[in-house]
Amino acid sequence: MHELAVTESVIAAISTQLPDSRVAVVHLEIGRLSGVMPDAVRFCFALAGEGTCVEGARLDITQPEGVGDCANCGTSFPARDPLAVCPCGSADVTISGGADLMIKAVEVADDV
Amino acid sequence: MCETCGCDAGTGAGGTARLTTLPAPDHEHGHGHGHGHTVTLDQKVLAHNDDLAGRNRAWLGERGIVALNVMSSPGSGKTTLLERTAADLSAGSPISVIEGDQETLLDARRLSAAGARTVQVNTGTGCHLDATMVARALAALEPPDGSTVFVENVGNLVCPALFDLGERARVVLMSVTEGADKPLKYPHMFRGADVLLLNKIDLLPHVDFDMTACRDAARRLRPGLRVLPVSATRGDGLAAWYDWLAETRRAPT
Ligand SMILES: Nc1nc2c(ncn2[C@@H]2O[C@H](COP(=O)(O)OP(=O)(O)OP(=O)(O)O)[C@@H](O)[C@H]2O)c(=O)[nH]1
Ligand SMILES: [Mg+2]
Ligand SMILES: [Zn+2]
């Protein structure tokens, strides 16, 4: 599973940029066509986060869809997987987008 | 579940390099909440790997070296194909191999015996090569200018798809014993392929494999994908593979 490597990259990037913070929430974007499973990332995050600045943080994951352009009927439609079929029934579809893995933002707790 | 993905993106090497490649955090202080603030990062999760892959690509480009990332399930015939390729093309520009396996030096020994300079990278429990491992391997390999470097990735159709190594092209292999529906089951790997080799066609009389269905499935994911049926052991179709290699070497970057 590559989700552990993905999760470790998330934690490394946050730890590098906000080394002395206590992170409460991490906002991630995992495109539906990225091949990365959000549930597996959650699982890894809880384990790999231990002892880092994201320990105990909540993961907020959004999953943008891709876009399918149908060569048969000419419409565009939201693509939820790399083999999405057009609502018109055609599989002659060019799919783009929806593959990004992004760290959008983190919410940092302000210690008093 | 792969316990320690072998990926050292989370620790160690390159930790300081990472600092220079990421945009400075943009502090947005959320008012009115009182117990925290939001820091907008808006950065790619794999930015560190992508950046190192970009450096590998530049390093290779300066030297006119073409690197190819060879990926398949375990046992589809990557090493056999590369042994044969190294032996057949040894008269031309030199070939070297970065051999990624979880354990053992077996494949590296086979390739050395076939006349290719080889560096073995053992990933342990790691399920893919990443750009850092390839950078280290290139430094050890010292491939000559103008040569070709094959990177045999860890046998796995899922994880390697996500990690850019700095290659010129992605070569995906599958064998006819694996079933024609492989592309549909592992769409991400096939979606990123630049060429698909269907290996072990010498076994076609013994297996139920629908070549057309397989090709169509792969092209649904990657329209126009070049599909080359080959037998790495018997030699069928290898001329087309060598043509593709020559074409890819000539193609402007
Ligand atoms: N019949 C037949 N067997 C083949 C062919 N190519 C490879 N094999 C056999 O398939 C087995 C696996 O081949 P390898 O080249 O080691 O496969 P690999 O993809 O490098 O395997 P890993 O590195 O373990 O992922 C060996 O027994 C090969 O002899 C082929 O074209 N036809
Ligand atoms: Mg091998
Ligand atoms: Zn349609």
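The values are calculated or read from the model by the stated rules, or taken from the named source; none is laboratory data. Quantities reported herein were computed from a predicted structural model and do not represent experimental measurements. Cβ: placed from backbone, ideal geometry, glycine included. Neighbour counts: every protein chain shown. Only protein heavy atoms, including side chains, enter the accessible area calculation; ligands, DNA and RNA are left aside. Shrake-Rupley method; radii C 1.70, N 1.55, O 1.52, S 1.80 Å.
What the table below lists for this structure:
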item: Angle between chain A longest axis and helix A:3-17 axis [Cα atoms, degrees, rounded to 10]; result: 50 degrees
item: Full-stretch length increase - A:R22, A:Q63 - with 0.36 nm per residue and alpha-carbon distance subtracted; result: 12.2 nm
item: Antiparallel content of DSSP bridges confined to the protein assembly as shown, in %, to 5; result: 45 percent
item: Expected 222 nm ellipticity per residue - DSSP helices of 4 or more, -39500 (n - 2.57), all of chain B, to 500; result: -10000 deg cm²/dmol
item: Averaged over A:65-75, number of beta-carbon atoms from partner chains that fall within 10 Å; result: 0
item: Cα gyration tensor category, rounded, prolate or oblate, for segment B:46-139 with a/c compared to 1.5; result: oblate
item: Shielding of A:15-28 by partner chains, average beta-carbon count, 10 Å; result: 3
item: Proximal charge balance of A:A24 [Cβ under 9 Å; K/R count +1, D/E count -1]; result: +1
item: Length added when fully stretched, B:D243-B:D210, from 0.36 nm per residue minus Cα-Cα; result: 9.4 nm
item: Values of log10 I(q)/I(0), in the order q = 0.08, 0.15 Å⁻¹, for chain B under a Debye, Cα-only, solvent-free model; result: -0.35, -1.07
item: Helix-derived mean residue ellipticity, 222 nm - over chain A, DSSP H n ≥ 4, -39500 (n - 2.57), to 500; result: -7500 deg cm²/dmol
item: Residue mean of other protein chain beta carbons inside 10 Å, B:190-196; result: 1
item: C-alpha long axis of helix B:47-62 to longest principal axis of chain B, angle in °; result: 50 degrees
item: Accessible surface, the protein assembly as shown, averaged per residue in Å² (probe 1.4 Å); result: 44 Å²
item: By accessible area with a 1.4 Å probe, ligands and nucleic acids excluded, highest first: order of B:D101, B:D194, B:D243; result: B:D243, B:D194, B:D101
item: Heavy-atom accessible area ranking, 1.4 Å probe, most first, across B:Y186, B:Y242; result: B:Y186, B:Y242
item: Using alpha-carbon coordinates, inclination of helix A:38-48 to the longest axis of chain A, degrees; result: 20 degrees
item: Within-11-Å neighbourhood charge of B:W241 [Cβ basis; K, R +1; D, E -1]; result: -2
item: Mean Cα-pair separation over length for chain A, i.e. relative contact order, pairs under 8 Å, 6 or more apart, %; result: 35 percent
item: Sorted peptide list for B:219-226, B:158-165, criterion being average Cβ within 10 angstrom, highest first; result: B:158-165, B:219-226
item: Vicinal HN-Hα couplings computed from phi for segment B:172-180 (Karplus, 6.51 cos²θ - 1.76 cosθ + 1.60; Hz; Gly/Pro x); result: 10, 10, 9, 10, 5, 7, 8, x, 6
item: Partnerless Cys - chain A, beta-carbon criterion under 4.7 Å; result: A:C44, A:C53
item: Whole-number D in µm²/s for segment B:137-253 (Stokes-Einstein; Kirkwood sum over Cα pairs; 25 °C, 0.890 mPa s); result: 160 µm²/s
item: A:T62 accessible area, assembled protein chains, probe 1.4 Å, Å²; result: 70 Å²
item: Environment charge at A:F45 (Cβ cut-off 12 Å; Lys +1, Arg +1, Asp -1, Glu -1); result: -4
